[in-house]
Amino acid sequence: MFDLHGMNALVTGASGGIGSAIARGLAAQGARLAVSGSNADKLRVFRDELDEHTPQHLQEVDHVAIKCDLSNPDEVEKLMPAAIDSLGGIDILVNNAGITRDNLAMRMKDEEWDAVMRINLEAAFRLMRAAARPMMKAKFGRIITITSVVGTTGNPGQMNYAAAKGGLTAMSKSLGQELASRNITVNCVAPGFIRTAMTEVLPDAQKEALNARIPMGRMGEGEDIAAAVAYLASREAGYITGQTIHVNGGMAML
Ligand code: NAP
């Protein structure tokens, strides 16, 4: 089950905490990957590391690293064609890259709003748009976007981030309806609090307060998200579209 052998996947933010777990998970199931990020050095190191997670019988599969700054629309427009060129096609798109620029609404600067919208929302739109045509031609595709529990619940200090994540959910539902007849599914995975660089910066007291709000009593791991992504990417998940799988330790039962 969940054999991704023969599938090509583009994963954005693949050098980050959750993205690297997703990339490892997809590679372990047999997919060939184009991993993307804005930091070329980090990306190269990760691509090499990824080979270790490729099953022995797929060792000839070479994953590729493609640098792209998602805040730059011109670079984003070139990412999907570059991935298709390197991989020979695209079956799975994982929009994972994301940033936070938290601030209370009254203090939020235009730049904080713009950066979050450009990287979290607009870049995903451009990549989904670019994936639609080749997936329609192939009559197969899996588009998976990493959103967040706060896109549904809201969160003080994250008006920009919550708006972007909520927007991604609505965008996925719209595209899912456009592409369903072509055997292309469009879904989201919404993490709660996951142990990565993004959450590592929180003060200990805040982490303890967060854990107290999670019925499972702990933050999740990147692997928890990767498992949901591998499932949605699989052929077995072909009748699921426009949905969100919430992976949050019971923190919000939506
Ligand atoms: P992370 O460790 O900070 O990784 C973020 C990734 O995004 C990095 O690979 C980074 O690559 C990439 N990125 C950032 N800015 C970029 C840009 N301008 N262009 C291209 N790539 C860029 O974050 P994470 O925790 O793994 O988060 C991954 C996703 O999960 C995000 O969408 C986040 O919103 C979501 N999420 C996380 C949590 C959590 O608790 N951690 C909870 C809910 C949702 P470079 O360094 O190479 O730029």
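In a DSSP loop and with at most 13 other Cβ atoms within 10 Å, the trypsin sites (Lys or Arg not before Pro) in segment 94-160 are LYS109, LYS139. The dipole here belongs to segment 113-254: it is taken about the Cα centre, uses +1 on the Cβ of Lys and Arg and -1 on the Cβ of Asp and Glu, and is about 680 debye.
Dipole check for the chain: with +1 at the C-beta of Lys and Arg, -1 at the C-beta of Asp and Glu, and the Cα centre as origin, the magnitude is about 700 Debye. Length available on full extension from ASP74 to ILE240: 0.36 nm per residue minus the Cα-Cα distance, which gives 56.5 nm. The gain in end-to-end length when the LEU104 to SER174 segment is fully stretched comes to 22.2 nm, 0.36 nm per residue minus the alpha carbon separation. Remark: segment 180-231 carries 52 Å² of accessible area per residue (probe radius 1.4 Å; ligands, DNA and RNA excluded). Share of carbon and sulfur in the accessible area of segment 120-235 stands at 55%, probe radius 1.4 Å.
Among the lysines in the chain, how many pairs, 8 or more places apart or on different chains, have alpha carbons under 19 Å apart? Walk me through the numbers before you get to the answer.
Numbers: LYS42/LYS67; LYS67/LYS78; LYS109/LYS165; LYS139/LYS173; LYS165/LYS173.
Going through the chain pair by pair, I get 5.
Note on ALA252/ASP3: beta-carbon distance plugged into 1/(1 + (r/R0)^6) with R0 of 51 Å gives a FRET efficiency of 0.95. Here, the chain is characterised by an Rg to Rh ratio of 0.95, where Rg is the alpha-carbon radius of gyration and Rh the Kirkwood radius.
With every protein chain in place and a 1.4 angstrom probe, the accessible-area ranking of ARG44, ARG133, largest first, reads ARG133, ARG44.
From the Cα gyration tensor of segment 106-254, with a ≥ b ≥ c the square roots of its eigenvalues, which class applies: rounded if a/c is under 1.5, or else prolate if a/b is larger than b/c, or else oblate? Judged from the Cα gyration tensor, segment 106-254 comes out oblate (a/c at least 1.5, b/c at or above a/b). Given springs between every Cα pair under 10 Å in a Gaussian network model of the chain, which of LEU232, LEU121, LEU104 has the largest fluctuation? Checking each option, the largest mean-square fluctuation is seen for LEU104.
Averaging 1/r over each pair of different alpha-carbon atoms in segment 1-148 and inverting the result gives 15.6 Å, the Kirkwood hydrodynamic radius. Rounded to the nearest 0.05, the FRET efficiency derived from the C-beta distance between VAL201 and ASP62 at R0 = 41 Å is 0.75.
At most 16 other Cβ atoms within 10 Å and a DSSP loop assignment: could you name the trypsin sites (Lys or Arg not before Pro) in segment 168-228 that fit? Those satisfying the criteria are ARG195, ARG213, ARG218.
Note on exposure: SER86, SER234 ranked by accessible area (1.4 Å probe, complete protein assembly) read SER86, SER234, with the most exposed listed first. For LYS139 and LYS42, FRET efficiency with R0 = 35 Å and r from the beta-carbon atoms, rounded to 0.05? Efficiency at R0 = 35 Å is approximately 0.50.
The values are calculated or read from the model by the stated rules, or taken from the named source; none is laboratory data. It should be emphasised that the depicted structure is a prediction, and the values quoted were computed from it without experimental measurement. Positions of Cβ are backbone-derived with ideal geometry, glycine not excepted, and every protein chain shown enters the neighbour counts. Note: accessible area is taken over every heavy atom of the protein model, side chains too, but ligands, DNA and RNA are not part of it. Shrake-Rupley method; radii C 1.70, N 1.55, O 1.52, S 1.80 Å.
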